[in-house]
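Structure first, commentary second.
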Amino acid sequence: VNGQSGPKLSNPSLSSIPSLIALFLRLASPTDISFLPPATSSTLISTGPSSNAPPVITDLVSSIHLRSLECLNNLLIVVARSATLPKEYASICQMTWKEVGRIAETTQMIEAFSAKSGGNAKDKGKDKEEMDIKQEVLEMCVGCLWALARAKVDESLGFSPEEIEFVKRLATNSNSSSIKLRAVGTLGCLASRTGVSIAENEAVGKLLFSFISQVELSIKDVNRLEVILQALDEIFDVYGDETRDYDIVFRRNDFIVSLRNARAQLKKTIKGIDKRKYPGLRSRAEGVWTNLDAYIEYREGLSFPHEMS
């Protein structure tokens, strides 16, 4: 970032990635004219001589941010699907995570400020458009973090407690189910990454299980159910290998009991999903339930006495 392409990679096919990442991050970074202030406010959070730019300019700049993040997300997804990357890629991933996180936190701060400021009736429509673009930017930021968390690097990636806590807050406090879903997916990858500590895994594991405890509440809440299904998918992946050091977390917290309870409740919830109105959700929920049933059978087949029913 800031004009630097980062360390050179030994694999020629990857050599252009650092410079592309740096370019997209520069274009995605918010400025004083990135978003319109709310209708009742005369200034942006970050004030400056250019903060009175006309709406057409702010619309253009915010669109550039969003499109740049979309390009970055697509690039990072390709990277995540690649074979294990050389160890020099670790610093690039961590630098990108910090920059995307900074963009996300700045956008979230502006979004919160705008929501509190409100506006008069005739300006509500424009304010809603601005909130929508900020939310789209934030969603794409979390998508980038998810892709980074999935990247396979030949070196353990370290994330600060503050960085992980930020994703946890998005997963629990966001008003957007799309952001919550992506944050939950990101947490699942962080909890199973190479070199993750038992303490880190346990903190994330407990959060994932807190979502599935809400299955009963999801009967009439489609958005909540989608997040719960994502949390279950992450649990299957995180605790799908009993030989991992952190698998002790699953056993000492009796997570198997929570899964048994979720299995029964999820089956009831699935029956209440209108397959004509939500065919995709119904199909996905049935698939997750099938996996959950098989996963419980797998865990119960292990030689850990306290997991047996």
Going by amide H atoms built from the backbone, whose H comes under 5 Å of the H on L85, apart from near neighbours? K152, V153, D154
Where trypsin sites (Lys or Arg not before Pro) fall in DSSP loop in the stretch 57-109, at most 14 other Cβ within 10 Å: K87
So what J values fall out for the stretch 292-301 if you push phi through Karplus, 6.51 cos²θ - 1.76 cosθ + 1.60 with θ = phi - 60°, rounded to Hz, Gly and Pro as x? 5, 4, 5, 5, 4, 4, 5, 5, 6, x
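Can you pick out the pairs among K220/K271; K180/K267; K206/K268 whose Cα atoms lie more than 21 Å from each other?
Numbers: K220/K271 12 Å; K180/K267 23 Å; K206/K268 24 Å.
Violating the 21 Å Cα-Cα cut-off are K180/K267; K206/K268.
Express the accessible area of the stretch 195-254 per residue in Å², computed with a 1.4 Å probe while the remaining protein chains stay in the model. Can you show the working numbers first?
On the way: 2640 Å² over 60 residues.
On a per-residue basis, 44 Å².
The values are calculated or read from the model by the stated rules, or taken from the named source; none is laboratory data. These numbers come from a predicted model, not from an experiment. Note that each Cβ is placed from the backbone with ideal geometry, even for glycine, and that neighbours are counted across all protein chains shown. Please note that ligands, DNA and RNA were not included when accessible areas were found on the heavy atoms of the full protein model with its side chains. Shrake-Rupley method; radii C 1.70, N 1.55, O 1.52, S 1.80 Å.
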